[in-house]
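**Q** Next up is a structure, given as structure tokens.
The values are calculated or read from the model by the stated rules, or taken from the named source; none is laboratory data. In this text, all values refer to a predicted model and were calculated from it rather than measured experimentally. Heads up, the Cβs are rebuilt from the backbone with ideal geometry, glycines too, and the neighbour counts pull from every protein chain shown.
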Amino acid sequence: MSMSIESTLVETRVFPPPADFAKQANVSGAAGYQALLAEADRDPDAFWGRLARENLSWAKPFTQVLDESRAPFYRWFGDGELNISANCLDVNLTNGNADKVAIIFEADGGAVTRVTYRQLYERVCQFANGLKSLGYTTGERSIIYLPMSIEAVVAMQACARLGITHSVVFGGFSAKSLHERITDVGATLVITADEQMRGGKSIPLKPAVDEAFGMGGCEAVRHCVVYQRTGGKVVWDDKRDIWMHDLVKQQSTVCEPVAVNAEHPLFILYTSGSTGKPKGVQHSSAGYLLWAKLTMQWVFDAKASDVFWCTADVGWVTGHTYIAYGPLAAGMTQIVFEGVPTYPDAGRFWKMIQDHHVTIFYTAPTAIRSLIKASDANEAHHPKSYNLSSLRLLGSVGEPINPEAWMWYHNNVGGGRCPIVDTWWQTETGGHMITPLPGATPLKPGSCTTRLPGITAAIVDETGHDVEAGHGGFLVIKRPWPSMIRTIWGDPDRFEKSYFPSELKGYYLAGDGAQCDADGCFWIMGRIDDVLNVSGHRLGTMEVESALVSHEMVAEAAVVGRPDATTGEAVVAFVVLKRSRPEGDEAIAIGKQLRDWVAKEIGPIAKPKEIRFGDNLPKTRSGKIMRRLLRVVAKGEAVTQDVSTLENPAILDQLSKPV
Ligand code: WT7
């Protein structure tokens with residue numbers, strides 16, 4: 001671990017919770033927050049036990065809250081049994097929500113479809129019965145490669161209903177990435193669509209699945225269920241492929257939920273780490289859902305009358321916790337959106353908030369920044385050209401939100417009246433960890449503010465000792481929490497080594513550098529490992545490097561992040577070719593070829609923004625690439641650091657010039 005984190009804080013504005021919001025909030029005022037915090041700190045087992053009994057419906061009650069005997073492989077509510085889908089759907093049939101709209105789906109082209117809780121329940125049951133008819137049972141793994149749709153939620157919930165562990169793969173990932181996940185997770189079932197629609201264009205999905213199957217090693221997959229989204233042409237394998245509409249036809253609308261152990265893996269979601277291979281983050285059933293539901297109530301202040309909209313894709317953890325599970329467990333009406341924020345124009349989000357009377361809106365800083373630009377360019381797409389008076393709460397997730405974007409969001413989208421919850425969390429944490437509570441926490445633009453009750457977040461040095469307020473250090477969580485990662489699928493060693501390094505006293509190491517101010521507010525400074533954050537998505541530099549060197553022309557590659565006004569960070573790649581260093585038009589052409597190659601290998605999100613060619617890379621005499629210097633060079637700054645340990649200092653000049 002190495003780190004150099006300095007404070008760049010100049011932000012001093014503080015926004016106390018509006019009095020009328022605080023008055024009606026689920027957690028109200030500093031006293032409300034302090035009471036929960038104190039209850040959790042006093043007796044964590046009693047706290048979590050109480051919440052799990054009050055908020056989840058159990059098929060078999062648990063008797064033990066936390067089992068630490070095999071730490072860090074913690075078990076929560078480990079002798080209890082429940083079904084996650086029953087906790088999201090069946091509970092809403094008997095509490096008055098049966099005819100309430102669960103999902104308002106808006107397609108890319110604008111068509112709107114609504115399903116009530118009863119209809120969603122019936123569709124999930126039919127799909128689950130269909131899967132049963134194909135012989136699928138508890139304990140198997142499925143890959144879900146679907147566009148944003150009601151069907152995606154149905155597929156996830158149907159798997160949960162049967163105890164099939166799902167692994168959703170974002171539709172923007174390539175056939176190669178898909179193949180890696182199908183084989184790593186040992187999938188026996190793949191659920192996909194013919195195509196997806198984005199910004200008026202159709203993008204094939206089923207062909208990518210076929211391509212992945214063609215790569216070999218997927219023989220365990222018995223069926224590929226295909227949702228017909230566009231009617232686009234697909235190649236069909238009669239033995240393996242089956243249309244979703246054919247599968248559910250004639251199926252009963254009742255399907256008994258399968259009670260599983262609290263620790264049964266609900267899902268595995270792949271995310272980038274500091275090595276080349278993405279890791280399969282394994283989540284539990286009970287602990288995960290408990291936190292999904294609680295954070296809906298505490299952080300999003302969920303009320304029966306709300307219309308909730310999380311703009312994430314179900315391919316990311318945000319779309320799992322705050323689309324597929326949390327809002328349903330909380331009995332809310334939510335929006336599911338297929339399209340992109342800029343189609344048909346950059347007013348799309350604001351128009352949808354207006355049309356559907358959205359009350360809670362949760363999006364990413366990168367989207368906000370790009371919409372600031374677009375609305376500066378054209379007034380018609382500015383939030384002020386829409387009626388956004390239904391909004392009462394805003395949220396941000398994925399990366400630190402810069403104070404300028406925060407202020408714009410607050411003033412122009414929230415009309416100056418809506419609190420903003422800047423929620424810090426990770427794929428591994430399952431749900432929010434450090435975030436304001438909108439009716440309780442004074443907001444500081446750029447800070448994710450304070451830890452949630454039960455979440456023992458702290459800043460420590462490399463020996464695990466607390467650092468003083470105002471100083472940078474490693475962000476850790478000292479005590480386990482119910483929705484935490486359980487293991488890395490198939491690699492428990494990597495789980496222990498990555499998240500519980502021996503120097504840190506058994507604390508969970510988040511991988512972020514941060515500092516805490518005198519008010520207990522956290523300021524996230526960025527990753528401490530070789531992981532980039534591009535548009536709120538995690539990307540391993542090694543992953544991109546491996547993709548580059550797998551191209552026949554490439555001898556060596558080093559990838560670094562560069563601050564970017566819209567995407568937060570941008571990928572810059574330094575490449576040494578096997579042949580001589582290209583220049584001019586040839587360099588541009590080869591650069592394009594390599595960028596497209598990375599998009600094909602991993603997915604468009606990994607595409608380097610810039611590629612520079614060198615005769616070599618800056619290396620120490622022992623052969624280690626000096627990424628620190630490459631980061632400086634990528635920013636276009638002069639190297640002022642000591643370069644005397646470099647084998648080849650002259651190379652920096654060559655790499656300083658963009659193609
Ligand atoms: C990493 C986790 C959490 C769902 C989306 C991303 C960064 C996330 C914030 C925030 C500052 C943030 C961290 C974290 N991050 N939210 N509010 N403020 N940084 O999940 O892909 O697992 O990425 O995103 O660096 O470690 P993920």
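**Q** Where in region 203-305 are there helices (runs of 4 or more DSSP H), lying fully within it, with 3 or more residues that are of a type in the set (D, E, K, R)?
**A** Numbers: elements: 206-214, 244-248, 286-298.
Helices (runs of 4 or more DSSP H) meeting the threshold: 206-214.
**Q** Just one of the numbered conditions (1) out of contact with any Asp or Glu (no Cβ under 6 Å at 6 or more places or on another chain); (2) closer than 20 Å to V421 by Cβ is not true of A346; which one?
**A** Here A346 clears every test but (2).
**Q** Is there a residue being over 25 Å from S285 (Cβ atoms), aliphatic (A, V, I, L, M), within 11 Å of the ligand (Cβ to nearest atom) and assigned to a loop (DSSP other than H, G, I, E, B) anywhere in region 471-484?
**A** First pass over region 471-484, keeping only residues over 25 Å from S285 (Cβ atoms): 471-476.
Filter once more, so that each one left must be aliphatic (A, V, I, L, M): 475-476.
The next check asks that each one be within 11 Å of the ligand (Cβ to nearest atom); those that pass are 475.
Retained after the next criterion (residues that are assigned to a loop (DSSP other than H, G, I, E, B)): none.
No, the conditions are met nowhere in region 471-484.
Rundown of residues vs (1) within 16 Å of the ligand (Cβ to nearest atom); (2) within 29 Å of I84 (Cβ to Cβ), yes/no style:
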{"site": "R348", "(1), (2)": "no, no"}
{"site": "Y362", "(1), (2)": "yes, yes"}
{"site": "P365", "(1), (2)": "yes, no"}
{"site": "P383", "(1), (2)": "no, no"}
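**Q** So R538 ticks every box in (1) within 16 Å of the ligand (Cβ to nearest atom); (2) outside any strand (DSSP E or B); (3) of a type in the set (D, E, K, R) but one. Which box is left unticked?
**A** Looking at each condition in turn, R538 falls short on (2).
**Q** Oh, and also: Specify the residue that is farthest from the ligand (Cβ to nearest atom); the eligible residues are those in region 411-424 that are surrounded by fewer than 21 Cβ atoms within 10 Å (Cβ to Cβ) and within 21 Å of K373 (Cβ to Cβ). Quick ask: steps written out before the conclusion?
**A** Narrowing region 411-424 to residues surrounded by fewer than 21 Cβ atoms within 10 Å (Cβ to Cβ): 411-412, 414-417.
This time we only want the ones that are within 21 Å of K373 (Cβ to Cβ), so: 411-412, 414-415.
On the way: N411: 20, N412: 20, G414: 17, G415: 22 Å.
Filtering first and then ranking leaves G415.
**Q** Which numbered condition in (1) within 30 Å of L178 (Cα to Cα); (2) assigned to a loop (DSSP other than H, G, I, E, B) is the only one that I611 fails?
**A** (2)
**Q** So which residues in region 388-404 are within 13 Å of the ligand (Cβ to nearest atom) and of a type in the set (D, E, K, R)? Give the steps one after another, and end with the answer.
**A** Initially, region 388-404 is screened for residues within 13 Å of the ligand (Cβ to nearest atom), giving 394-403.
Within region 388-404, just E399 meets the criteria.
**Q** Can you tell me which condition V598 does not meet? The list is (1) at pLDDT 95 or above; (2) part of a loop (DSSP other than H, G, I, E, B); (3) under 16 Å from M542 (Cβ atoms), and all the others hold.
**A** (2)
**Q** Another question about this same structure. Only one of these is more than 35 Å from the chain's Cα centre (by Cα), hydrophobic (A, V, I, L, M, F, W, C) and in a helix (DSSP H, G or I): L652, L629. Name it.
**A** Exactly one of L652, L629 is more than 35 Å from the chain's Cα centre (by Cα), hydrophobic (A, V, I, L, M, F, W, C) and in a helix (DSSP H, G or I), namely L652.
**Q** For P563, which of the numbered conditions (1) in a strand (DSSP E or B); (2) within 16 Å of the ligand (Cβ to nearest atom); (3) crowded, with 22+ Cβ neighbours inside 10 Å fails to hold?
**A** (3)
**Q** Could you say whether any residue in region 497-506 is within 15 Å of the ligand (Cβ to nearest atom) and in contact with a Lys or Arg (Cβ under 6 Å, 6 or more places away or on another chain)?
**A** First, pick out the residues of region 497-506 that are within 15 Å of the ligand (Cβ to nearest atom): 498-499.
Filter once more, keeping what is in contact with a Lys or Arg (Cβ under 6 Å, 6 or more places away or on another chain): none.
For region 497-506, residues within 15 Å of the ligand (Cβ to nearest atom) and in contact with a Lys or Arg (Cβ under 6 Å, 6 or more places away or on another chain): absent.
**Q** Something else now. Does region 395-415 contain any residue that is within 24 Å of F495 (Cβ to Cβ) and out of contact with any helix residue (DSSP H, G or I) (no Cβ under 7 Å at 6 or more places or on another chain)?
**A** The answer is no; no qualifying residue exists.
**Q** Condition first: of a type in the set (K, R), touching a strand residue (DSSP E or B) at 6+ places or on another chain (Cβ under 9 Å) and either closer than 19 Å to S447 by Cβ or part of a strand (DSSP E or B) (or both). Can you find one or more residues in region 505-512 that meet it? Walk me through it before giving the result.
**A** Step one: list which residues in region 505-512 are of a type in the set (K, R), which gives 505.
Within this subset, residues satisfying the condition of being touching a strand residue (DSSP E or B) at 6+ places or on another chain (Cβ under 9 Å) are 505.
Okay, now just the ones that are also either closer than 19 Å to S447 by Cβ or part of a strand (DSSP E or B) (or both), so none.
No, region 505-512 has no match at all.
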